[in-house]
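Nothing in this text is a laboratory measurement; each read-out follows from the coordinates by a stated rule. Remember, predicted model here, so these are calculated numbers, not experimental data. As a convention, Cβ positions derive from the backbone with ideal geometry for all residues, glycine included, and neighbour counts pool all protein chains shown.
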Amino acid sequence: MISFNLGEDIKPIYKVASGGEMSRFMLAFKTILADIDQIDTLVFDEIDTGISGIAAQIVGEKLSNIGKKKQIICITHLPQIAANADTHYCIEKSTSNDRTFTTIKKLNHDQKRDEIARLIAGSNITEKTMEHASEIIELAKRSL
């Protein structure tokens, strides 16, 4: 039973939690249990649903902190979260001959910066966007 919003009645979590809320609830729960549970790897998908800005930055920092004790796999579309990754992969889908293929590529530092820039600006990447991507990555390193 839980209430995600002040003034709302407490209800069963399965009735009130979206996918993103469930992921963030599990992040909070796993933050508390990180030192004592036996689970070595945590997977978070849709943790960025419905958040941006400072909330995304906080989620990224919490994931990074848990990542010091556990392996974290996080699928995200937000640069504030992605910038906190120690290892970054790009996952892309493509089609060929009426079939869909998924490729996973481990990114080096420059490729990570390029991907963060793409998350910030889409296809309109400029020199300023690249500077911003570098700054977000650097700030994520300092906040730990």
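Think of each Lys and Arg Cβ as +1 and each Asp and Glu Cβ as -1; about the Cα centre, that makes the dipole of the range 1-132 roughly 160 debye. Between residue 139 and residue 58, the contour length at 0.36 nm per residue exceeds the alpha carbon distance by 27.9 nm. Measuring nothing but how far apart in sequence close Cα pairs (under 8 Å, 6+ apart) lie, relative to its length, the chain scores a relative contact order of 18 percent.
A simple spin-label model places the labels of residue 39 and residue 111 2.9 nm from each other, with each point 7 Å out along Cα-to-Cβ. Taking θ as phi - 60° and the Karplus parameters 6.51, -1.76 and 1.60, the scalar couplings of the range 83-96 work out to 4, 7, 5, 6, 10, 10, 10, 10, 10, 10, 9, 9, 10, 7 Hz in sequence order, x denoting glycine and proline. Comparing 51, 76, 66 along the charge dipole axis of the range 50-138, the residue lying farthest to the positive side is 66, per the Cβ-charge model. Taking 0.36 nm per residue of separation and subtracting the Cα-Cα distance, full extension of the segment from residue 18 to residue 49 would add 10.3 nm. Relative to its residue count, the range 55-108 spans a Cα convex hull of 83 Å³ per residue. Remark: the range 87-144 carries a charge dipole of roughly 220 debye about the Cα centre, counting +1 on each Lys and Arg Cβ and -1 on each Asp and Glu Cβ. Multiplying the residue separation of residue 69 and residue 5 by 0.36 nm and subtracting their alpha-carbon distance yields 20.0 nm. Over the chain, dividing the summed -39,500 (n - 2.57) contributions of all DSSP H runs of at least 4 residues by the number of residues returns a 222 nm mean residue ellipticity of -14000 deg cm²/dmol. The ranking of 112, 70 by Cβ neighbour count inside 10 Å, starting from the fewest, reads 70, 112.
Residues 35, 48, arranged from fewest to most other Cβ atoms within 10 angstrom of their Cβ, appear as 35, 48. Straight-line reach from residue 128: which lysines have Cα under 29 Å away, leaving out those fewer than 8 places along the same chain? Output for residue 128: 62, 93, 105, 106, 112, 141. DSSP beta bridges fully contained in the chain are about 65 percent antiparallel. Taking one quarter of the surface of the C-alpha convex hull of the chain gives a mean projected area of 11.4 nm². Between residue 123 and residue 97, the simple label model (points 7 Å from Cα in the Cβ direction) yields a spacing of 2.8 nm.
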